[in-house]
Structures are given as structure tokens and as C-alpha cells.
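**Student:** This is the structure, below, for whatever I ask next.
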Amino acid sequence: MRYLVLSDIHSNLEALEASVQRAERAGYDRVLCCGDVVGYGPDPAEVMDRLEGLQAACVRGNHDRVSCGLDEPTNFNTHARQAVYWTRSQLPAAYRERLAALPLGPMPIETAQLVHGSIADEDEYLVTDDDAAANLQIADPHVTFYGHTHEAIVFALLEDTLSISVPRYGSDGSASIPISGIKLLVNPGSVGQPRDGDWRASFLIWDSATGRLEFYRVPYALEVTQAKMRKAGLPEFLAYRLGLGR
Ligand code: ZN
């Protein structure tokens, strides 16, 4: 089975469309999503509808939790908080209910599981070797897909050795990482707001039969998304940072 793994789409419809089109060319069977469907970007309802059309299996992210009103964005920075209130104001009640119904990870998928932040906590950022080691210790399935940091990376544990791989994209925007290691933590990067200095949408395809991870970067109509954000009155910084990939 070939799984298209998306994360942190953040209401960016142009980035989602470009990602799905590229994934269709590469071929996939099923769509998975590690949360943060909404927040930051200008098209929350449209992105939710598109994901539903793709029949994606999706866990809740922290932006989904606060944007539907299950929680308040008290720990969010000013720009993120403003975007949360804007998103709430745009989403009809039925959409906020759909967001509220998204399951909290971990969600088991074949020999993998989906979470948003870390295995134990959807708000926790999994960044350092120590974070990875602690999570790999409690990781039950073979592969844990996570998001939240908006950076593509693979942590692998083989016996007692932790290895770290970051995708090195070729001129076609793809990078392949063979799965080695007993347990893996895999972040596909962010579709809608990458933060590794590359503005292009980030995602991966996991082939569960061969154990290959194919990472992709795709350009999208960035100016269209930014123009929508400015027209909507979303914070200028959020539009600006999309172009930086930060
Ligand atoms: Zn996010």
C-alpha cells in the first residue's frame, strides 16, 4: 500500500492542490494526515472539504483543537492567535464540529501510527535527539508519523543506535530514504507552511510493502495564497513568512 502522508496543511489550498497533483503522478492508494488542517492560512473550509474528498485518515493538531473552540489559544503567539480567531469567525458551526470530532492521536495505520506533536502529547515539539530517543522508547508500531515542527526528518533506532536523516531533494524535488532501523519517527514536513528555509510544499509517500519513504517538495501558487491572506486581513507576517519558508 502506498500512503500519501500530509501534515500541517494550515488552510493553504494552493499548497494542498499542488501536493495532491504531484502525489497523483507518483501514485498513492490512501491519504494520511498528522493534523493542523487549519490555522494560519486563508482557506480553512475549502481545505477541510478537499481532505474529506480524499477520505484522509487524520488526527487532530493543536491548531485544529483551538480553531474549533475546544480550547483557547493561550500559548499561541500573537500572529497565530489572531489567525485562530479569524479561522473561528470563518468556519460555520458544522465545520467547527467536524474539526472537534477529529481523533486525538496516536491513530494506528497498518504497521504505523499517526500523531501530531509527540506520541504522548499533541502540543510537544519533537526536535532533539533526546526527544526522539524518549519517543522511540514508547513507540509501539514500526513507524510513527508526526508533524508540528514543520520540518521533514527521519529518526531511526536500530538496537541502541539513533540515526537521523534529512531528505536531500534532487532537481525533480524528490528524495528517497530507505527505511532502516527497528523503529522510526518520520515527519513529512509541512504542506502549507514549511519552516526549513524552502517555501515549497513538503510531503511524503510511504510504501508499506517496500519500506521506502519518498519525500517531495512542490512549488505552488504562493502569490495567490499570500494575496488571499492579505485580503482576509490575516497578519502580514504570516503571508510574508510563507515566501521565506520560515
Ligand atoms: Zn502546525
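The values are calculated or read from the model by the stated rules, or taken from the named source; none is laboratory data. The shown structure was predicted, so the numbers you read here are calculated from the model rather than taken from an experiment. Don't worry about glycine lacking a Cβ; one is built from the backbone with ideal geometry, like all the others, and counts go over all protein chains shown. Protein only, heavy atoms only, side chains kept; ligands, DNA and RNA dropped before computing areas. Shrake-Rupley method; radii C 1.70, N 1.55, O 1.52, S 1.80 Å.
**Student:** Which value, in Å³ per residue, describes the convex hull spanned by the Cα atoms of the stretch 123-246?
**Tutor:** Details: hull volume 14.6 nm³, N = 124.
Taking the convex hull of the Cα positions in the stretch 123-246, it is 118 Å³ per residue.
**Student:** How large is the dipole of the stretch 123-246 about the Cα centre if only Lys and Arg carry +1 and Asp and Glu carry -1, each at its Cβ, rounded to the nearest 20 debye?
**Tutor:** Values: 11 positive and 16 negative charges, 156 e Å.
Charge dipole, the stretch 123-246, about its Cα centre: 740 debye, nearest 20.
**Student:** Which log10 I(q)/I(0) values does the stretch 183-246 give at q = 0.19, 0.21 Å⁻¹ under the Debye formula, counting every alpha carbon as one identical point scatterer?
**Tutor:** -0.73, -0.82
**Student:** Restricting to DSSP H runs of at least four residues, report the calculated mean residue ellipticity at 222 nm for the chain, -39500 (n - 2.57) per run over all residues, nearest 500 deg cm²/dmol. Please list the in-between numbers first.
**Tutor:** On the way: 8 runs with 81 residues, N = 246.
Result for the chain, helices only: -9500 deg cm²/dmol.
**Student:** Amide H of residue 144: which non-local residues (sequence gap of 5 or more, or other chain) have their own amide H closer than 5 Å, using H built in the peptide plane?
**Tutor:** 113, 184, 185, 186
**Student:** Okay, moving on. At 0.36 nm per residue, and after removing the present C-alpha to C-alpha distance, how many nm does the segment from residue 180 to residue 70 gain when stretched out fully?
**Tutor:** Details: separation 110, 0.36 × 110 = 39.60 nm, distance 3.88 nm.
The span from residue 180 to residue 70 would gain 35.7 nm if fully extended.
**Student:** Can you run the Rg to Rh ratio on the stretch 44-119? Use alpha carbon positions and the Kirkwood inverse-distance Rh. Show your work: numbers first, answer last.
**Tutor:** On the way: Rg = 13.0 Å, Rh = 13.2 Å.
Taking Rg over the Kirkwood Rh, I get 0.99.
**Student:** Additional query: Compute the label zone of residue 212 within the stretch 1-35: residues whose backbone N is under 18 Å from the point 7 Å along Cα-to-Cβ.
**Tutor:** 1-5, 22-30
**Student:** Okay, moving on. Could you give the accessible area per residue of the stretch 48-92, probe 1.4 Å, as a whole number in Å²? Before the final figure, lay out the partial values.
**Tutor:** Values: 2100 Å² over 45 residues.
Heavy-atom accessible area per residue stands at 47 Å².
**Student:** If I measure Cβ to Cβ between cysteines in the chain, which ones have no partner under 4.7 Å?
**Tutor:** Unpaired cysteines in the chain: 34, 68.
**Student:** Here's another thing I want to ask about it. Tell me which residues come under 5 Å, amide H to amide H, from residue 153 once H is placed; ignore anything under 5 positions away on its chain.
**Tutor:** For residue 153, the qualifying residues are 187, 189.
**Student:** Okay, moving on. What relative contact order, as a whole-number percentage, does the chain give when Cα pairs under 8 Å and 6 or more residues apart are counted?
**Tutor:** Values: 574 pairs, mean separation 58.1, N = 246.
Once normalised by length, the contact order is 24 percent.
**Student:** Please check: in the Gaussian network model of the chain (C-alpha springs, under 10 Å), which one of 13, 184, 162 has the largest mean-square fluctuation.
**Tutor:** Taking springs between Cα atoms under 10 Å, the residue moving most is 162.
**Student:** Would you be so kind as to identify which of 173, 206, 163 lies farthest towards the positive end of the dipole of the stretch 157-246, taking Lys and Arg as +1 and Asp and Glu as -1 on Cβ and the Cα centre as origin?
**Tutor:** 173
**Student:** Oh, and also: Using the heavy atoms of the protein chains and a 1.4 angstrom probe, tell me the accessible area per residue for the stretch 163-246 in square angstrom. Let's see the in-between values first.
**Tutor:** Details: 3570 Å² over 84 residues.
Heavy-atom accessible area per residue stands at 42 Å².
**Student:** Using a 1.4 angstrom probe on the protein heavy atoms only, could you order 86, 199, 206 from most to least accessible area? All intermediate terms of the calculation are to be shown ahead of the outcome.
**Tutor:** Details: 86 40, 199 75, 206 5 Å².
Heavy-atom accessible area, descending, gives 199, 86, 206.
**Student:** Taking the 0 to 90 degree range and rounding to the nearest ten, how far is the long axis of helix 78-90 tilted relative to the main principal axis of the chain, both from C-alpha atoms?
**Tutor:** The answer is roughly 70 degrees.
**Student:** Can you tell me, using C-alpha contacts under 8 Å and at least 6 residues apart, the relative contact order of the stretch 130-246 as a whole percent?
**Tutor:** Details: 214 pairs, mean separation 28.5, N = 117.
Relative contact order, the stretch 130-246: 24 percent.
**Student:** Follow-up question, since we're still on this one. With all distinct Cα pairs included, what does the Kirkwood hydrodynamic radius of the stretch 1-71 come out to in Å, to one decimal, could you say?
**Tutor:** Details: mean 1/r = 0.0822 Å⁻¹.
Radius from the Kirkwood sum: 12.2 Å.
**Student:** Per-residue HN-Hα couplings for the stretch 236-246, Karplus 6.51 cos²θ - 1.76 cosθ + 1.60 at θ = phi - 60°, whole Hz, x for Gly and Pro?
**Tutor:** 4, 4, 5, 5, 4, 5, 4, x, 8, x, 10
**Student:** May I pose another question? Restricting attention to the stretch 36-144, which GluC sites (Glu not before Pro) occupy a DSSP loop and are surrounded by at most 16 other Cβ atoms within 10 Å? Spell out each step's value before the answer.
**Tutor:** Numbers: sites: 46, 52, 97, 110, 122, 124; in loops: 110, 122, 124.
Filter output for the stretch 36-144: 110.
**Student:** Can you compute the charge dipole magnitude of the stretch 8-126 about its Cα centre, using +1 on each Lys and Arg Cβ and -1 on each Asp and Glu Cβ, nothing else charged? Give it in debye, rounded to the nearest 20.
**Tutor:** On the way: 10 positive and 19 negative charges, 31 e Å.
The calculated dipole for the stretch 8-126 is roughly 140 debye.
**Student:** Within the stretch 62-137, what whole-number % of the accessible surface is contributed by carbon and sulfur, with the 1.4 Å probe and all protein chains included in the calculation?
**Tutor:** On the way: 1930 of 3800 Å².
Roughly 51 percent of what the probe reaches on the stretch 62-137 is carbon or sulfur.
**Student:** Count neighbours as other Cβ atoms within 10 Å of each site's Cβ, and list the GluC sites (Glu not before Pro) in the stretch 150-246 that are DSSP loop with at most 10 such neighbours. Intermediate results must be reported in sequence, preceding the final value.
**Tutor:** Working: sites: 151, 159, 214, 223, 236; in loops: 151, 159.
Taking the stretch 150-246 and a limit of 10 other Cβ atoms within 10 Å, the loop GluC sites (Glu not before Pro) found are 159.
**Student:** Using only Cα atoms, find the angle between the long axis of helix 222-232 and the longest principal axis of the chain, and express it within 0 to 90 degrees, rounded to the nearest 10.
**Tutor:** The angle comes out at about 40 degrees.
**Student:** Per residue and in cubic angstrom, what volume does the convex hull of the Cα atoms of the stretch 1-156 have? Walk me through the intermediate numbers first.
**Tutor:** Values: hull volume 17.3 nm³, N = 156.
Spelled out: Cα convex hull of the stretch 1-156, divided by residues, is 111 Å³.
**Student:** Sticking to Cα atoms, compute the Rg of the stretch 144-194 to one decimal and its Dmax as the biggest Cα-Cα distance, whole number, in Å.
**Tutor:** Calculated on Cα positions, Rg and Dmax stand at 11.7, 35 Å.
**Student:** Put +1 on the Cβ of every Lys and Arg and -1 on every Asp and Glu Cβ in the stretch 67-116; which of 103, 92, 115 then has its Cα farthest towards the positive end of the dipole?
**Tutor:** Going by the Cα projections, it comes out as 92.
**Student:** Which one of 204, 222, 185 has the biggest mean-square fluctuation once the chain is modelled by GNM with Cα springs under 10 Å?
**Tutor:** 222
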